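Below is one structure. I have some questions about it.
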Amino acid sequence: MSIYDYFLMNENPFLMDIEEKEAYTVEDYVTIQEKMSKHSKKIESFIDSLYPETRSLLVPLDEFKNRRCIRALNSKIIDMSNPVLPEVKIYKVGNGGDEKNCFVCYTTLLDDRYSASQTMLQSLEDVGFNGYFLLLNGGFPNPSGIEMKYVGVPYSFKIFMMLEAKKRGFEKVIWLDAACYAVNNPNELFNMLDENEVLYRTFPPNSFETDSYSKYCFPKMLEYTNKLMGRNIAGDMYVCMIVFGLNFKSKKVTQFINEYYKMVELGLPFLTFFPEEIVTSSIMNKPEYKFSFNDRRLMYIHEEYLNKNDAKNDAKNRGYYFCQRCY
């Protein structure tokens with residue numbers, strides 16, 4: 001199918017023929033893994049056709065494809081050499097707090113993100129956090145039994161993983177990228193969710209590059225999403241999802257989730273170098289959500305901005321809650 005067919009027909013190029021059900025067997029995962037590999041090859045030429053002939057994007061095509069657009073389809077949801085059923089692991093940290101606060105993370109297998117995620121629990125324990133931590137390695141978050149068919153939609157899993165926590169009764173849920181490790185007790189972040197219902201870092205448009213959207217988004221995707229949103233999304237406040245929290249008691253959050261699922265169904269708005277963040281930004285910049293913008297600068301900091309010899313203590317002394325490791 002050509003580039004224009006997918007966009008004109010509003011057809012999701014990442015959608016896969018996978019049965020909807022609440023639980024999958026090891027055999028199911030093996031079959032899905034094989035389908036993912038075939039689907040990656042199926043849409044690779046479509047991704048190629050999106051790259052502008054002017055080469056105006058800052059990121060080379062191969063990096064666009066392999067790091068973002070087809071990374072999910074090429075990832076390992078099960079280890080074929082040692083197939084084990086992936087399961088969400090629930091860890092009580094400290095005394096569990098009020099039993100309503102939960103951090104979550106998801107990674108695929110056999111990569112650096114998986115390795116990094118194995119140290120997250122210990123870091124939360126070390127700083128005295130009281131609450132819960134949900135971790136899924138392999139598989140795919142499937143909170144309502146319909147999500148597995150979207151396994152190929154680039155970086156769509158963060159909201160799904162947060163809903164896995166909601167499904168288990170947690171009310172205030174914060175996503176953490178696997179690169180994050182705690183350096184100060186993050187209990188206060190959940191109090192912030194009482195105040196503002198959502199929690200994330202925002203950046204004004206073009207904070208890091210002039211005309212940044214034109215340099216990190218396929219032109220056809222920008223045209224499509226601008227029409228979908230009824231505005232030029234390149235002027236949006238940017239929502240960063242390295243640390244991203246939602247209070248599921250909020251009606252506005254429920255409304256946001258519904259809109260997010262509609263974007264996942266379309267698939268096309270995820271065709272950028274920052275898929276889930278640009279999609280989330282495009283929703284959160286609608287008038288009904290702008291109440292959520294806040295400047296939470298101390299949630300995390302990347303190691304590259306810290307003392308190279310002692311990044312952990314440097315971040316701690318500066319008052320950050322999380323440090324983001326280099327892969």
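We did not get these values from a lab; they are worked out from the coordinates using the rules stated. Fair warning: this is a prediction, and the values are worked out from it, not measured in the lab. As a convention, Cβ positions derive from the backbone with ideal geometry for all residues, glycine included, and neighbour counts pool all protein chains shown.
Taking residue 72 as the residue in question, decide whether it is among the aliphatic types (A, V, I, L, M), touching a Pro at 6+ places or on another chain (Cβ under 6 Å) and surrounded by 14 or more Cβ atoms within 10 Å (Cβ to Cβ).
When the stated conditions are applied, residue 72 passes them.
Within the range 53-65, track down each residue that is in a helix (DSSP H, G or I) and more than 24 Å from residue 18 (Cβ to Cβ). Please lay out each step first, then the result.
Taking the range 53-65 as the starting set, the residues that turn out to be in a helix (DSSP H, G or I) are 61-65.
61, 62, 63, 64, listed by residue number.
While we're looking at this one, here's another question. With the requirement that a residue be touching a residue at least 60 places away in the same chain (Cβ under 8 Å) and either more than 30 Å from residue 51 (Cα to Cα) or in contact with a Phe, Trp or Tyr (Cβ under 6 Å, 6 or more places away or on another chain) (or both), what does the range 221-255 give you?
Matches in the range 221-255: 224, 242, 243, 244, 245, 246, 247, 248, 249.
Still on this model: Of the conditions (1) in a helix (DSSP H, G or I); (2) over 19 Å from residue 192 (Cβ atoms); (3) touching a residue at least 60 places away in the same chain (Cβ under 8 Å), residue 314 fails just one. Which one is it?
(3)
Shifting gears a bit: In the range 195-215, what residues are of a type outside the set (Ser, Thr, Tyr), in contact (Cβ under 8 Å) with a residue 12 or more places away in the chain and surrounded by fewer than 11 Cβ atoms within 10 Å (Cβ to Cβ)?
Once the filter is applied, which keeps residues that are of a type outside the set (Ser, Thr, Tyr), in contact (Cβ under 8 Å) with a residue 12 or more places away in the chain and surrounded by fewer than 11 Cβ atoms within 10 Å (Cβ to Cβ), the range 195-215 yields only 204.
Residue-by-condition table, conditions (1) of a type in the set (A, V, I, L, M, F, W, C); (2) in a helix (DSSP H, G or I); (3) out of contact with any Ser or Thr (no Cβ under 9 Å at 6 or more places or on another chain):
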residue	(1), (2), (3)
228	yes, yes, no
241	yes, no, no
244	yes, no, no
249	no, no, yes
252	no, yes, no
256	yes, yes, no
262	no, yes, yes
265	no, yes, yes
269	no, yes, no
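Right, something else. Which members of the range 246-256 meet the condition of being of a type in the set (Val, Ile, Thr) and surrounded by fewer than 18 Cβ atoms within 10 Å (Cβ to Cβ)?
First pass over the range 246-256, keeping only residues of a type in the set (Val, Ile, Thr): 253-254.
The one that is of a type in the set (Val, Ile, Thr) and surrounded by fewer than 18 Cβ atoms within 10 Å (Cβ to Cβ): 254.
Quick check on the range 177-195. Is at least one of its residues of a type in the set (S, T, N, Q), in a loop (DSSP other than H, G, I, E, B) and closer than 27 Å to residue 126 by Cβ?
Yes, the range 177-195 has at least one match.
Please go through (1) part of a helix (DSSP H, G or I); (2) surrounded by 22 or more Cβ atoms within 10 Å (Cβ to Cβ) for residue 289 and return the number of the only condition it doesn't satisfy.
(2)
How many residues does the range 37-52 contain that are among the aromatic types (Phe, Trp, Tyr) and part of a helix (DSSP H, G or I)?
1
If you don't mind, another one. Scan the range 111-158 for residues that are part of a helix (DSSP H, G or I), aliphatic (A, V, I, L, M) and either touching a strand residue (DSSP E or B) at 6+ places or on another chain (Cβ under 6 Å) or farther than 24 Å from residue 272 by Cβ (or both) and report the count.
3
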